[in-house]
Amino acid sequence: MVRFTKKKTLSDVDVVISEQEGVRSLHLGGSMIQSAMRIAAPNELELVYTQCMMGFLLFHPVSAHILMVGLGGGSLAKFVYHQLPETKTTVIEINPQVISAATHYFALPETDERLEVILADGAQYIADHPDSTDILIVDGFDDGLQIQSLCSQDFYDHARQVLCKDGMLVVNLLSRDKNLDTYIQRISDSFHGHIVAMMSDMRGNLIVFAFKHSPGKVAWKVLKTRAQKLEATYGLPFTDMVSKLRKYNDCYHTYLEI
């Protein structure tokens, strides 16, 4: 086990790396796994919730720029870097120790013209860069708790503003969070109700997709066809994602009509 620093503030929160059965994990501020990498397959998405976050490809298959808030072990950044060669990725991370851990222990590629990692406050960066990205991915936790600056109404308002036309927000939430309904309502309010969601697994992560502008009514049959093509290309369970989207949409039909 590797421990980087004692917990003081959000920017230097306790960073711990553990390893078990060929899987290396990152923990921030506690025992909860924030990121995981199978050592024999460092560029694949080990955790189901990270696979589900790539579900935005069902609606937005081509992106010139993806902006991520929260680096973790860099799983999503690595996947995009290796699988979407036409896409530039910018990652905002507030903790320098997280960046160091991702670089030295989780095979994060070196910065180049397609990948940039910026040490900064994610909420402030979003507020300062309107109309700058196609996809915004937010995955910010401190030992299983949402970082408050990344789930406020102001933040979600700025999240919509940072998106270019037809852009999408992707947010990772915990289904057991007592404030979950509040977060979902805030996202819905900021994005004028244009949202869908899926449970990544039973009683686990809830992935919310929000659209700057409504994509219009999309038939489930069309999504399934897209899923089959994406699954063949990227090796992720997109067909299963469509089923998860439909299950959640059927339960909470006030969301985007698809």
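The values are calculated or read from the model by the stated rules, or taken from the named source; none is laboratory data. Computed from a prediction, not measured in an experiment: that's the story for all the values here. Virtual Cβ from ideal backbone geometry, glycine too; neighbours counted across all protein chains shown.
Take the residues of the stretch 67-78 that are surrounded by 23 or more Cβ atoms within 10 Å (Cβ to Cβ) and in contact with a Phe, Trp or Tyr (Cβ under 9 Å, 6 or more places away or on another chain): which is farthest from Val13 (Cα to Cα)? If we take residues in the stretch 67-78 being surrounded by 23 or more Cβ atoms within 10 Å (Cβ to Cβ) and in contact with a Phe, Trp or Tyr (Cβ under 9 Å, 6 or more places away or on another chain), then Leu67 is farthest from Val13 (Cα to Cα).
Elements of the type helices (runs of 4 or more DSSP H) sitting completely within the stretch 45-137 and holding at least 2 residues that are of a type in the set (Gly, Ala, Ser) and under 27 Å from Ser214 (Cβ atoms): these cover 122-128. Considering Ala197, Ala232, the condition of being of a type in the set (Gly, Ala, Ser) and over 20 Å from Leu169 (Cα atoms) is satisfied by Ala232 alone. Restricting Val222, Val208, Val242 to those that are among the hydrophobic types (A, V, I, L, M, F, W, C) and either touching a Ser or Thr at 6+ places or on another chain (Cβ under 7 Å) or over 27 Å from Asn43 (Cβ atoms) (or both) reduces the list to Val222. Checking each residue in the stretch 79-93 for being crowded, with 18+ Cβ neighbours inside 10 Å and under 18 Å from Leu230 (Cα atoms) picks out Phe79, Val80, Tyr81, Leu84. Assess whether Lys165 counts as being closer than 22 Å to Leu136 by Cα, in contact with a His (Cβ under 8 Å, 6 or more places away or on another chain) and at pLDDT 95 or above. No, not satisfied.
Take the residues of the stretch 180-198 that are in contact with a helix residue (DSSP H, G or I) (Cβ under 8 Å, 6 or more places away or on another chain) and β-branched (Val, Ile, Thr): which is surrounded by the most Cβ atoms within 10 Å (Cβ to Cβ)? Within the stretch 180-198, the match that is surrounded by the most Cβ atoms within 10 Å (Cβ to Cβ) is Ile187. Selection over the stretch 64-98 of residues that are in contact (Cβ under 8 Å) with a residue 24 or more places away in the chain and under 15 Å from the mean Cα position of the chain (by Cα) gives a count of 21. Looking across the stretch 163-179 at every residue that is hydrophobic (A, V, I, L, M, F, W, C) and surrounded by fewer than 21 Cβ atoms within 10 Å (Cβ to Cβ), the one that is nearest to Thr87 (Cα to Cα) is identified as Cys164.
For the stretch 18-29, the criterion of being in a loop (DSSP other than H, G, I, E, B), in contact with a strand residue (DSSP E or B) (Cβ under 8 Å, 6 or more places away or on another chain) and either among the β-branched types (Val, Ile, Thr) or at negative phi (or both) is satisfied by no residue at all.
Residues in the stretch 108-128 include none that are of a type in the set (S, T, N, Q) and under 16 Å from the mean Cα position of the chain (by Cα). Being closer than 28 Å to Gln153 by Cβ and either modelled with pLDDT of 95 or more or basic (Lys, Arg) (or both): is that true of Phe211 here? So Phe211 passes the test.
Hey, Asp201 hits all of (1) touching a residue at least 40 places away in the same chain (Cβ under 8 Å); (2) out of contact with any helix residue (DSSP H, G or I) (no Cβ under 7 Å at 6 or more places or on another chain); (3) surrounded by fewer than 16 Cβ atoms within 10 Å (Cβ to Cβ) but one; which does it fall short on? Tallying (1) touching a residue at least 40 places away in the same chain (Cβ under 8 Å); (2) out of contact with any helix residue (DSSP H, G or I) (no Cβ under 7 Å at 6 or more places or on another chain); (3) surrounded by fewer than 16 Cβ atoms within 10 Å (Cβ to Cβ), Asp201 fails exactly one: (2).
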